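What follows is a set of notes on a single structure, which appears directly below.
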Amino acid sequence: MRLVPFAIEVRKTVFPSYSAAEQLWSYLLEFKDENKVPPFSIASAKIYTVPEGYELLLRSSMVGVTGERGIASNATHKVWIVITTPGVLGDRYIIRTDALALGAQLVPESASLYVYFHNQSSEYVSVTINFIGTLRKKVQ
């Protein structure tokens with residue numbers, strides 16, 4: 001197993017207004033085209049750092065994996081979602097497409113959110129991971 005650095009294409013980051021103190025938060029991450037995840041490798045990315053005075057209530061993430069032929073990968077893969085403190089928020093073995101329900105995990109201010117994806121197949125795969133949560137101002 002080896003750790004492979006990747007450039008990541010982010011299709012969109014959305015911060016629509018929900019209320020004065022809260023915003024819906026969504027982040028789409030893709031490993032694709034020349035940045036596909038090689039066989040038996042781990043890809044990682046820093047997703048987001050929560051700004052001062054805010055906290056991120058991370059609700060869930062959706063993961064989709066396609067193989068070299070453009071169809072859903074039939075192999076088992078693993079994804080981890082980690083923050084700087086306290087550590088792992090969630091992990092899951094997935095096949096094809098799956099949701100990683102996190103049970104509303106709180107990411108504190110100044111903490112960074114990371115994702116790791118382990119390709120456990122013998123082919124290159126494209127990976128799409130969508131994070132959903134609420135960014136809210138901290139109560140003073």
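By a 1.4 Å probe calculation restricted to protein chains, residue 47 has an accessible surface near 10 Å², given to the nearest 10. Fully extending the segment from residue 46 to residue 120, taken as 0.36 nm per residue of separation minus the present Cα-Cα distance, adds 24.5 nm. Close amide H contacts of residue 125 (hydrogens built in the peptide plane, cut-off under 5 Å, sequence separation of 5 or more or a different chain): 37.
The values are calculated or read from the model by the stated rules, or taken from the named source; none is laboratory data. Model, not experiment: these values are computed from the prediction. Note: areas computed on protein heavy atoms with side chains; ligands, DNA, RNA excluded. Shrake-Rupley method; radii C 1.70, N 1.55, O 1.52, S 1.80 Å.
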